[in-house]
Amino acid sequence: MKNEKTTEEVALGIRRRVFEHAIRNNGGYLSQACSAAEQLAWLYNEELKLGDPTLPMIPKPFAGVPSPTNPDYHTGAGYNGPAAPEFDRLFIAPAHYALVAYATLIEVGRMAPEGLEMFNKDGSSVEMIGAEHSPGMEVHNGTLGIGFSTAAGLAWGRKKRGEPGRTWVYMSDGEVQEGQTWEAIQAAAYHKIDNLYAIMDVNRQQCDGAMGSVMDVGDIKAKIEQFGGVAVWVDAHKLDEIRAAVKTPHRNKPLIILANSSPYRGMPTLMERFPRLHYVRFKSEAERARYNTEIAKSLKVDPVDYAGAH
Amino acid sequence: MVEMVSKPYARAFEAFAAGNPDILCLSADLTSSCEIDGFRDRHPEQFLSLGMAEQNMMSFAGGLGLAGFRPFIHTFGVFMYRRPYDQLMASIAYPRRKVRLMGFLPGVTTPGGMTHQSIEDIAVMRSIPNMTILETGDATEVESICEAADSIDGPVWCRVLRGSVPRLFDTPIKVGEMRVLSEGEDVLVVTAGICTEEAMRARAAFAKAGLSIRHLHLHTIKPFDHAALLDHVGSVKHGVVTLENHVTEGGIGSLVAETMADAGVGKRLVRLGLKDTYAHGGSRAYLMRYYGLDALALVNGIEDLMDEDFGITENDLATARVDDVHSIVKAEAL
């Protein structure tokens, strides 16, 4: 697809859409938009080689789970284009970033803005925790830590079949608390799966708060390298650093870009809630109104007119 | 005397999988223990060693399925669902990946004790949507398990016997069917896996004592032909006894109970198996006796159902086969 916006514009658009959604719905995954916007914008707007979407711009309603009696079932991967050998694949490993991922699909023209209106509505496929039938998703990742393993298996298989397309994973740093992440990296290294790429949002946040107050994970880069992968640090908000990082040699090894991010980048008002940022819910109408005014100003948009919203 | 077949899985898997590039052989550090060491050596291009890291292995297999491969995962059954249950659900069962889960050491077929004995796997698998469940009870079923499993459009849980396995049947597994081993009219006996051989011994003794047994052997536990079972239940006068190498909750005893209750069948049912207990380590014969999974336990169960003592003693049962724990056909004593 042809780029119509710069990646910076896409990133700003992601923050604006998630902001508007959170204000209208009295809360949401705001902080993930702050930390992840440039990474997802870069993936979709520049780095990933994807075909045109194969699913309707306005998502279809939930059409049942996979079963032998549901022959028309399909995943939401069609928003990333067809699964052809030459194209890249992307898994959003922390499915809690779904709102941000949906906003990205809209910004890059792969989903209609109406899709976000369906977010977390009963009967909708645009689920709060991205399901495999949700737009842009291909596998379930709501149980954290399984994404990189699944991608490793897919990448090994694609390499075996001689497919040039890469397999990408969008990861979160909280996932490295799960032992499976390390099992996956050692397996990918052992089997020389170098068509496997990840970019990890290192925002040092998890559900209970700052990761250091929950379970310290130490030096992620050193650990990845000890387990056989290649890791490179970047500033998550500097696109040129991300662009350079993906060129890091990683022969016979998976490449994991560690994106050192700010959980309130672009929305400085969120700093006052630090470190409770996993899900932002407003404590009062007054707080909601103040956030609306302040963050709108930070994002250079008008405040959201949410009268009539819930 | 029954024919004993040495390592039927080793030959069957290689014959089935070799040369089919879409089939992959996955192992988790139990390669010779699952009789696939020869396959690894002769077909390395189809073999993937994933180490003692089952959580990754399950999701990795899901990814291979997404890439169009049909992975056969080989390890001890317990290691494929207890620790990596979440991965089994999210990466394999939900998306209906064509992953074939070859679970070795079902129930008390190992002296490895609690950590090695999958005693509740059927209960777990029966409750997983999209899962198919097959269980082998003899060498012919082991020889046909790969083809049967690979015929399923979705994930398949298989209870696989290894080592020296008796040959009881001469036809392969036909998925979805059940074997009718005798067509008696007094009591229906339903068994699966290694318990079928036990029931065959008890059956002969009851025939001499004048009680006619209808005996079903289940190799397909899910999907299940409820109507066929109900026909057999309706064909006997007194009731049903089930015997399984598994806890009595959620296994074939429960399957029969649910089928009868759903249809409003009022006959008595005696469920034999592990009675809400773990087992411990020991030889198969010892464990089957100690926990009531053998021919003698079935005799007692049928006597309980009939409320009658048939005077059958251990001597009336065909000599029980005793496995040497340290048999040369096993890689280690487990």
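Quick check on my filter: what residues within the stretch A:130-157 are surrounded by fewer than 24 Cβ atoms within 10 Å (Cβ to Cβ) and at positive phi?
Answer for the stretch A:130-157, where residues must be surrounded by fewer than 24 Cβ atoms within 10 Å (Cβ to Cβ) and at positive phi: there is none.
Name the one entry in A:136, A:115, A:162 that is small (Gly, Ala, Ser) and either over 24 Å from residue A:51 (Cβ atoms) or within 14 Å of chain B (Cβ to nearest Cβ) (or both). Don't jump to the end; show me each part of the working.
Working: A:136 fails: either over 24 Å from residue A:51 (Cβ atoms) or within 14 Å of chain B (Cβ to nearest Cβ) (or both); A:115 fails: either over 24 Å from residue A:51 (Cβ atoms) or within 14 Å of chain B (Cβ to nearest Cβ) (or both).
Going through A:136, A:115, A:162 in turn, the sole match is A:162.
Quick one: which of A:8, A:86, A:46 is closer than 30 Å to residue A:303 by Cα, surrounded by fewer than 23 Cβ atoms within 10 Å (Cβ to Cβ) and more than 14 Å from chain B (Cβ to nearest Cβ)?
The match here is A:8.
Within the stretch A:165-174, count every residue that is assigned to a helix (DSSP H, G or I) and either within 13 Å of another protein chain (Cβ to nearest Cβ) or surrounded by fewer than 24 Cβ atoms within 10 Å (Cβ to Cβ) (or both). Spell out how you get there, then give the answer.
First, the residues of the stretch A:165-174 that are assigned to a helix (DSSP H, G or I): A:173-174.
Checking which are either within 13 Å of another protein chain (Cβ to nearest Cβ) or surrounded by fewer than 24 Cβ atoms within 10 Å (Cβ to Cβ) (or both) leaves us with A:173.
Within the stretch A:165-174, residues that are assigned to a helix (DSSP H, G or I) and either within 13 Å of another protein chain (Cβ to nearest Cβ) or surrounded by fewer than 24 Cβ atoms within 10 Å (Cβ to Cβ) (or both) number 1.
When the stretch B:77-124 is examined, which residues are found to be buried (at least 24 other Cβ atoms within 10 Å of the Cβ), more than 14 Å from chain A (Cβ to nearest Cβ) and over 24 Å from residue B:32 (Cα atoms)?
Residue satisfying the conditions is B:122 alone.
Of the numbered conditions (1) assigned to a loop (DSSP other than H, G, I, E, B); (2) touching a residue at least 24 places away in the same chain (Cβ under 8 Å); (3) within 14 Å of another protein chain (Cβ to nearest Cβ); (4) under 26 Å from residue A:80 (Cα atoms), residue A:228 satisfies every one except a single condition; which is it?
(4)
Considering only residues that are acidic (Asp, Glu) and free of Cβ contacts under 8 Å to residues at least 12 places away in the same chain, which ones fall in the stretch A:119-172?
Within the stretch A:119-172, just A:122 meets the criteria.
Any residue in the stretch B:37-60 that is crowded, with 22+ Cβ neighbours inside 10 Å, in contact with a strand residue (DSSP E or B) (Cβ under 9 Å, 6 or more places away or on another chain) and away from chain A (no Cβ under 12 Å)?
Yes.
For (1) touching a residue at least 40 places away in the same chain (Cβ under 8 Å); (2) more than 15 Å from the chain's Cα centre (by Cα); (3) within 28 Å of residue A:176 (Cβ to Cβ), each residue gets a yes or a no:
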site: B:33; (1), (2), (3): yes, yes, no
site: B:50; (1), (2), (3): no, yes, yes
site: B:56; (1), (2), (3): no, yes, yes
site: B:70; (1), (2), (3): yes, yes, no
site: B:78; (1), (2), (3): yes, no, yes
site: B:83; (1), (2), (3): no, yes, yes
site: B:118; (1), (2), (3): yes, no, no
site: B:138; (1), (2), (3): yes, no, no
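If a residue has to be surrounded by fewer than 19 Cβ atoms within 10 Å (Cβ to Cβ), in a helix (DSSP H, G or I) and without any contact (Cβ under 8 Å) to a residue 40 or more places away in the chain to count, how many in the stretch A:205-225 make the cut?
Qualifying residue count for the region: 4.
Within the set of pairs 6+ apart or on separate chains, which have a first residue in the stretch A:178-204 that is within 26 Å of residue A:38 (Cβ to Cβ) and more than 10 Å from chain B (Cβ to nearest Cβ), a second that is assigned to a helix (DSSP H, G or I) and among the basic types (Lys, Arg), and C-beta atoms under 6 Å apart?
A:195/A:159
Bear in mind that the values in this text are calculations on the coordinates, not laboratory data. These numbers come from a predicted model, not from an experiment. As a convention, Cβ positions derive from the backbone with ideal geometry for all residues, glycine included, and neighbour counts pool all protein chains shown.
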